[in-house]
Structure formats: structure tokens, C-alpha cells
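Enquirer: There's a structure below that I have some questions on.
Computed from the coordinates by the stated procedures, all read-outs in this text should not be read as laboratory data. Keep in mind it's a predicted model, so treat the numbers as computed, not measured. Neighbour counts run over all protein chains shown; Cβ positions are idealised from the backbone, glycine included.
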């Protein structure tokens, strides 16, 4: 079982922007119901794609700087980063198939 790593404003650059792997970032907060709903999907994706992507979570309440710099206005917001660039954004609690299909697009390009 892969543990999804919690990151913050300070570690965002090293964990996401400088990562050699494609990174899925889950912007969330503890009080957010839809965030809790999508949490299991995030864990499943982290396990299934552990060889090819990195999955991290960023609590927007504790790390407002990063959330503000990426214009996060509603959560959950899931962003896909590749080679330090944001390549896609999914807003809201989406089914696993939607997220998996999005990731597949970017994994094909590796």
C-alpha cells in the first residue's frame, strides 16, 4: 500500500516542480466532504500507478501560498504536473475512471 505523501508550501517545489515523474497533486482540506469522498480514489490511483506517477496531497488551509499561486478556488482540485508544468486540472470529486483516463493521456507521452 503506497502512502500518499502530505506536502506543503515549503516542499512543493522539490516534491512537485522538480520531480522526474508526472505528479498528481490533490488540493484538499479536512472540512471538505467531497475531498473525503475522493480520498479513496486518490489512494487507489497512487497504488495502481506507483511505478509511473507520484501522488501528493496539499492541505489548502495549512498551505495557502501554493493554493493561491495556482488559483485554487474550490476543492477538491486535482492537478497533474509534468516536468514542472501544470498540464491538467480536475475540479470536484470525480470517478476513478475519469482521473485514470486523464493520467493515461500524460503517461503515454513519457
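Enquirer: Compute the relative contact order of the chain as a whole-number percentage, counting only Cα pairs closer than 8 Å that sit 6 or more residues apart in sequence.
Expert: 36 percent
Enquirer: What's the Kirkwood radius of the chain in Å, using all Cα pairs?
Expert: 13.7 Å
Enquirer: Nearest 500 deg cm²/dmol is fine: what mean residue ellipticity at 222 nm does the chain get from its DSSP H runs of n ≥ 4 alone, each adding -39,500 (n - 2.57), divided by its residue count?
Expert: -9500 deg cm²/dmol
Enquirer: For the chain, with a Gaussian network of springs between Cα atoms less than 10 Å apart, report the residue from 36, 73, 86 with the top mean-square fluctuation.
Expert: Maximum among the listed residues: 73.
Enquirer: Where both residues lie in the chain, what percent of DSSP beta bridges are antiparallel, nearest 5?
Expert: If we restrict to bridges inside the chain, about 50 percent are antiparallel.
Enquirer: Now for a separate question. Taking the simple approach of a point 7 Å from Cα along Cα-to-Cβ for both residue 101 and residue 20, what is their distance in nm?
Expert: Placing both labels 7 Å along Cα→Cβ, they lie 3.2 nm apart.
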